[in-house]
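The values are calculated or read from the model by the stated rules, or taken from the named source; none is laboratory data. Quick caveat: nothing in here was measured; it's all calculated off a predicted structure. Neighbour counts are summed over all protein chains in view; Cβ atoms, including those assigned to glycine, are modelled from backbone coordinates with ideal geometry.
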Amino acid sequence: MIPSPASTVVLVREAEDDVEILLLLRNTKLKFEGGAWVFPGGKVDPGDYPSQSADYPQHGGDRRKQDYLAAINAVIRETREEAGLSIAPSELIHIAHWTTPMGLPRRYATWFFLCPLHTPVEIVVDDDEILDYQWLTPRIALALHEAGTIRLPNPTSHTLRSIAHYNSVTRLCTDMRHADIHVFPENSDYYQPFEGIIKLP
């Protein structure tokens, strides 16, 4: 089964001498990761791909650019739908790409982004796919997961472990902008990195 493209975002904010991340509770009725606590995100829709006409004339027909822009558009849309938040594309930092292993009923090739929030925000879940939310430090989220209090998908827990030692959003974002992209599985056929420069609004 060919995985569907998807996109997700790790929203981070400053806490008292720490960093907090936003986790959303997926409805248990959902077939994919129902009942899990996840980052905002979802499947890339056809409408997320930019037009090659007026909107993005500078990007031409490079499929890698189109895929990257579609992932950005998807995660902005999904964050608005699932959490009621508007995030700026220029704030997104590409940090990882995960492809669901073979053998599972649904597979996704998912772009992971990091996005800092600089001002207080109100979270409004859709009460359909998403039933609840919580702000947690990565360490607390991982401890709750290990205790069986909450369930985190493997890519989510791995991402949290990779940033758990940070206590500053500024330092986290600076480091992630210069870090290598984590790709799972390594050398995945479904990750075609775009290494050019894109001007985002």
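Just to be sure before I move on: is residue 127 within 22 Å of residue 80 (Cα to Cα), among the charged types (D, E, K, R), out of contact with any strand residue (DSSP E or B) (no Cβ under 7 Å at 6 or more places or on another chain) and not in a helix (DSSP H, G or I) in the structure I sent? Yes, satisfied. Name the pairs: first residue in segment 161-186 and in contact (Cβ under 8 Å) with a residue 24 or more places away in the chain, second residue surrounded by 13 or more Cβ atoms within 10 Å (Cβ to Cβ) and of a type in the set (Phe, Trp, Tyr), Cβ to Cβ under 6 Å, at least 6 apart or on different chains? Within 6 Å, the pairs are 172/166; 183/191; 184/98.
Here is a yes/no grid of residues against (1) modelled with pLDDT of 95 or more; (2) out of contact with any helix residue (DSSP H, G or I) (no Cβ under 6 Å at 6 or more places or on another chain); (3) under 16 Å from residue 126 (Cβ atoms):
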position: 12; (1), (2), (3): yes, no, no
position: 17; (1), (2), (3): no, yes, no
position: 30; (1), (2), (3): no, yes, yes
position: 60; (1), (2), (3): no, yes, no
position: 73; (1), (2), (3): yes, no, no
position: 77; (1), (2), (3): yes, yes, yes
position: 81; (1), (2), (3): yes, yes, yes
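Scanning segment 108-154 for residues that are surrounded by 15 or more Cβ atoms within 10 Å (Cβ to Cβ), at pLDDT below 95 and hydroxyl-bearing (Ser, Thr, Tyr) returns a single hit, 108. Annotation: residue 103 fulfils all but one of (1) out of contact with any Phe, Trp or Tyr (no Cβ under 6 Å at 6 or more places or on another chain); (2) closer than 26 Å to residue 186 by Cα; (3) in contact (Cβ under 8 Å) with a residue 24 or more places away in the chain; the unmet one is (3). The set of residues from segment 72-90 being of a type outside the set (Asp, Glu), within 13 Å of residue 115 (Cβ to Cβ) and buried (at least 21 other Cβ atoms within 10 Å of the Cβ) comprises 72, 75, 76, 79, 83, 87. Considering (1) at pLDDT 95 or above; (2) in a loop (DSSP other than H, G, I, E, B); (3) among the hydrophobic types (A, V, I, L, M, F, W, C), the lone condition that residue 104 does not fulfil carries the number (1). Name the single residue, out of those in segment 155-174 being assigned to a helix (DSSP H, G or I) and touching a Pro at 6+ places or on another chain (Cβ under 6 Å), that is surrounded by the fewest Cβ atoms within 10 Å (Cβ to Cβ). Restricting to residues being assigned to a helix (DSSP H, G or I) and touching a Pro at 6+ places or on another chain (Cβ under 6 Å), the top hit is 173.
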